[in-house]
1. So ALA89 ticks every box in (1) crowded, with 23+ Cβ neighbours inside 10 Å; (2) among the small types (Gly, Ala, Ser); (3) closer than 19 Å to LEU317 by Cβ but one. Which box is left unticked?
2. Which condition does VAL241 not pass, out of (1) at pLDDT below 90; (2) among the hydrophobic types (A, V, I, L, M, F, W, C); (3) open to solvent by less than 40 Å² (accessible area, probe 1.4 Å), if it passes all the others?
3. Just wondering, is there one or more residues in region 66-76 that are within 23 Å of ILE160 (Cβ to Cβ) and acidic (Asp, Glu)?
4. Checking LEU282 against (1) outside any loop (DSSP other than H, G, I, E, B); (2) without any contact (Cβ under 8 Å) to a residue 40 or more places away in the chain; (3) more than 24 Å from SER354 (Cα to Cα); (4) not basic (Lys, Arg), which test does it fail?
5. With the structure loaded, tell me whether GLY270 is at positive phi and crowded, with 18+ Cβ neighbours inside 10 Å or whether it fails that test.
6. Please give the number of the condition ALA331 fails out of (1) open to solvent by 10 Å² or more (accessible area, probe 1.4 Å); (2) within 20 Å of VAL172 (Cβ to Cβ); (3) of a type in the set (Gly, Ala, Ser).
7. Does VAL158 satisfy the condition of being at pLDDT 90 or above, under 21 Å from the mean Cα position of the chain (by Cα) and in a helix (DSSP H, G or I)?
8. What residue, of ASP74, ASP47, is surrounded by fewer than 22 Cβ atoms within 10 Å (Cβ to Cβ) and in contact with an Asp or Glu (Cβ under 9 Å, 6 or more places away or on another chain)?
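The values are calculated or read from the model by the stated rules, or taken from the named source; none is laboratory data. Every value quoted in this text rests on a predicted model; they were computed, and no experiment measured them. All Cβ positions, even for glycine, are placed from backbone atoms using ideal geometry, and neighbour counts span all protein chains on display. The accessibility values were calculated without ligands, DNA or RNA, using every heavy atom of the protein model including side chains. Shrake-Rupley method; radii C 1.70, N 1.55, O 1.52, S 1.80 Å.
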Amino acid sequence: VFGLWLLHYLDDDPDTRKPGSIGVLLVLFLATALLSGVGALTSADNDRYAVIYFLKTYAGYLSFFPALLLIRKDRRNAMVICVVIVLAAAVLGLITAYNGIVGAGERTYMRETGIRVFSRQVWIVSIGFLFVFFNLYAKGRSRLPLPLAGAILFMTGVGILLSQTRGVWLGVLGSVVAGILISSIKREQGRSRIRGILRPLLTFATIALVAVMAVGNLSLLSTEGIAERAGSIGEESLEDVSFLTRLVLWNNAVREISSGGDLLLGKGLGYEFTTLRPDLSLSAGMVIVRTHWWIDGSLFQVALNMGLVGVVLFVALFARLFFVSLRAYLASGDDDESAILLGAIASLVFLVVSSFSMSCLTNYRFTNTWGVLMAVIVALSTKSKQAPRGTEAP
């Protein structure tokens, strides 16, 4: 697909070629990743499989460019893309619920808080949930019928709960609150902003309650287990072995790049280091160390592989994305595009929050989807040059 875009790029309208500042930052970040990967291929300290894995993962962001072209050619393609993501999320949520009920799937297991269906696909499920949730308050023709929206929210909500992943739960909660606050800024004059905040918050609480009751009645999760798991989100400490393991990995990443003179450019993709694993040590009753080339936390993964240069470009890219999407949403006069942009902003907040404890932005090839979401934001942030619907362009 990227190759077809390159061929089209040579004979395209100059206005549709411009990637904007976000495209430039993305190119610089990917170029840094490529240089880190090429240098790592000849190093004995870097795992070759991991180098190729990371190169393919980062290459997923190249989907930004073809998607940007498609949406600029016809802005209605942004809606098509969002519909595909939502449908995928609904199907994945349904599959997650099914796996939990029948105990299917190799990563479905029982823990002290109930059934856990562990899958990275919960990121897509969460993004679909966010798009549909904020679509409830859309004013344009894109607003889903309430029964359909309710069914999708139920399926995705159950999938999110069964993941039992605190980073996902915190990301969804944070993105919902952020989206509601941002939408309240854009309230029409003469309408109550407090009501505009309370209504969606009550809606979210109702959806969460229904999903919790559903998994409880199906004996998948107990309400006590959910409360215990959720209650530990804000109480992470050295007694939390999962959090402690991440702290050890983050500390090792910082120590590796700062002690070897690689602070600026990092150790290269696929760099291996040996680390203590408190989580495995606790379960085995003995000290266990492992050789790692991955880290839970995208920012620290970038720091280890690409140093301060990569970190600066990575932070600048997503900060710029947030401000561009926020400005576009507040300035948009199109109801349908406003609904898409609000869903995209919430999805962006979700990914950034989740990436602090999971490497959803760097270590998995969902980057194809993240690149498309970035294109939706950039394309809708520019003023439409298309003729109004029902008329012909000159």
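1. (3)
2. (3)
3. No, there is no match, as no residue in region 66-76 is within 23 Å of ILE160 (Cβ to Cβ) and acidic (Asp, Glu).
4. The failed condition is (2).
5. It is true that GLY270 is at positive phi and crowded, with 18+ Cβ neighbours inside 10 Å.
6. (2)
7. no
8. Only one candidate qualifies: ASP47.
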